[in-house]
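Asker: Below is a structure I'd like to ask you about.
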Amino acid sequence: MTPSATTNSEKKLRVGIVSTAHMHCASYAHHFAHHARTTVAGVWDEDVERGKKFAADRGLTYFDNLDDLLAQSDAVGIASENNNHARHIERCATARKHILCEKPVVAKFEEFDTVRTVVASNGIKFMTAFPCRFSSAWQTLKARVLHGDIGNIKAIHATNRGSCPWSWFIDPALSGGGAMIDHVVHVADLLRDLLDEEPDTVYAQTGNNIYGQTWEDTAMVTLEYPCGAFATIDSSWSRPKSYKTWGDVMIKVVGDKGVINLDMFGQGLDHYRNEGTLSHVSLGYGSDLDRAMVDAFIRVCLDDEHVPVTLEHGLAAVSVPLRAYESLKSKQPVGSTL
């Protein structure tokens, strides 16, 4: 090998940030900027003021034109509003850039084939941003279930509650819904990863019990699977602002030989004290799931590793809340659409 030759392990992946709408974008940009194998090519956002501020705060270059950013990038992180994903995926895939896309991948059934076609026809790597897949607690739960520690799965009770993120998340024209489309997808993906099958039926009940607005802030989804198991997912925006974590992914898996409980973000130190006013201080610790996900995406792009969370995984996950919205209209369980 000549001195000028570059191996995959030496090459740096240039990553462009396509939109800064989603709050998770800050974490992804941080990890791309500080990874030994990547550089951040720059930032583009349709909301120019928002994009310029994001870039300036982090010492990154802002691009006024998306095509100019793509020309300087090998891969992109798409963090736009849900209903803009399909359009941005099409632009980036057509430019043959590998994609890490924030969830939900799209927010309409009619966009499924569009993104499938453009990704497949351009031969790019596509990864859906589901950091929960990289939780060591989740991986341990899955291994124990597959080992047969609790026998055959009979039921699953899961939550992914959070506090209301406001902004465009409560505008269905941009988000595609409210709490249900925002938080169901994470758990729906985990259940598919565990059971390796799609639910036969999806049924939902929602309400606006907390904030009293037109969008749902309370959502309970019930799923039935071909294996005979059923699951419930609570995705309500019901956590107060002072809650110790951004979410509370909790999963109870009930088998005919035992039960496993997971509290994905429960790692921490709770400190209660008597002095002064009553107070409770929580200090979180544990794995950085975003960092693990970003690292996996980098290996996918540079080392040609298999994609751990594919476009199809992302579409399967979002089909659950989309079917749930249909069930609200019909007041009946909705069957598979994949």
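Since every read-out is calculated from the coordinates, none of them should be taken as a lab result. Source: prediction; values computed, not measured. So basically every Cβ, Gly included, is an ideal-geometry build from the backbone, and we count neighbours across all protein chains shown.
Asker: Name the shape class, rounded, prolate or oblate, that the alpha-carbon gyration tensor gives for the chain, where a ≥ b ≥ c are the square roots of its eigenvalues, rounded holds for a/c under 1.5, and otherwise prolate holds if a/b is larger than b/c and oblate otherwise. It would help to have the intermediate numbers written out before the result.
Answerer: Details: a/c = 1.42, a/b = 1.35, b/c = 1.05.
Here the chain falls in the rounded category.
Asker: Next question, about the same structure. Assuming a ≥ b ≥ c are the square roots of the Cα gyration tensor eigenvalues, decide whether the stretch 13-124 counts as rounded (a/c under 1.5), prolate (otherwise, with a/b larger than b/c) or oblate. Spell out each step's value before the answer.
Answerer: Values: a/c = 1.79, a/b = 1.43, b/c = 1.25.
Note, shape of the stretch 13-124 comes out prolate.
Asker: A further question follows. With 10 angstrom as the radius, rank I156, I99, I150 by how many other C-beta atoms surround their C-beta, starting from the fewest. Kindly include the intermediate steps, with their values, before the conclusion.
Answerer: Numbers: I156 23, I99 26, I150 18.
In order of increasing Cβ crowding within 10 Å: I150, I156, I99.
Asker: Given the pairs K12/K52; K12/K53; K11/K108; K103/K241; K103/K329; K12/K108, which span a C-alpha to C-alpha distance of over 29 angstrom in this model?
Answerer: Values: K12/K52 24 Å; K12/K53 26 Å; K11/K108 37 Å; K103/K241 23 Å; K103/K329 24 Å; K12/K108 35 Å.
K11/K108; K12/K108, as the Cα separations exceed 29 Å there.
Asker: With a point put 7 Å past each Cα toward its Cβ, work out how far D303 is from K52 in nm, to one decimal.
Answerer: Using points 7 Å along Cα→Cβ, the separation is 4.1 nm.
Asker: Can you name the helices of the chain, as whole DSSP H runs, whose Cα span along the helix axis is 18 Å or more and whose Kyte-Doolittle mean is not below -1.0? Please list the in-between numbers first.
Answerer: Working: long enough: 179-195 (24 Å, 0.96); 289-303 (20 Å, 0.79); 311-330 (28 Å, 0.23).
Long hydrophobic helices here: 179-195, 289-303, 311-330.
Asker: May I ask what percent, to the nearest 5, of DSSP beta bridges between residues of the chain are antiparallel?
Answerer: Working: 32 of 56 bridges.
Just about 55 percent of them are antiparallel.
Asker: Also: Which FRET efficiency, nearest 0.05, do H157 and D288 yield, Cβ-Cβ r, R0 41 Å?
Answerer: Working: r = 27 Å, r/R0 = 0.65.
That pair, H157 with D288, gives E of 0.95.
Asker: What does the net charge come to around R14 if you take all other residues with beta carbon closer than 12 Å to its beta carbon, with K and R at +1 and D and E at -1?
Answerer: Numbers: positive: K11, K12, R37, K97; negative: D74.
Taking every Cβ under 12 Å from that of R14, the sum is +3.
Asker: Then there's this: Looking at T214, A33, V318, which one has the Cα that reaches farthest to the positive end of the dipole of the chain (charges on Cβ: Lys, Arg +1; Asp, Glu -1)?
Answerer: Towards the positive end, the residue furthest out is A33.
Asker: Let me ask you something else. Under a Cβ-only charge scheme (Lys and Arg +1, Asp and Glu -1), can you give me the dipole magnitude of the stretch 92-246 about the Cα centre, in debye to the nearest 20?
Answerer: Numbers: 15 positive and 17 negative charges, 137 e Å.
In debye, rounded to 20, the stretch 92-246 gives about 660.
Asker: Please give the peptides 61-70, 289-298, 43-52 ranked by average Cβ packing (other Cβ atoms within 10 Å per residue), highest first, as a rough proxy for protection. It would help to have the intermediate numbers written out before the result.
Answerer: Values: 61-70: 16.3, 289-298: 20.9, 43-52: 17.8.
Highest-to-lowest ranking by the protection proxy: 289-298, 43-52, 61-70.
Asker: Something else: Treating only the Cβ of Lys, Arg, Asp and Glu as charged (+1, +1, -1, -1), what charge dipole size does the stretch 13-124 show about its Cα centre? Round to the nearest 20 debye.
Answerer: Values: 13 positive and 15 negative charges, 80 e Å.
Dipole about the Cα centre, nearest 20: 380 debye.
Asker: Next question, about the same structure. Which of R133, R323, R144 comes first, and how do the rest follow, when ranked by fewest Cβ neighbours within 10 Å? It would help to have the intermediate numbers written out before the result.
Answerer: Values: R133 21, R323 25, R144 14.
In increasing order of surrounding Cβ atoms, one gets R144, R133, R323.
Asker: At a 10 angstrom cut-off on C-beta neighbours, averaged per residue, how do the peptides 218-224, 324-330 rank from highest to lowest?
Answerer: Working: 218-224: 21.6, 324-330: 17.0.
Top of the packing list down: 218-224, 324-330.
Asker: A further question on this structure: Run the simple label-point estimate for N122 and T337 please: 7 Å along Cα→C-beta, distance reported in nm.
Answerer: The two pseudo-label positions are separated by 2.5 nm.
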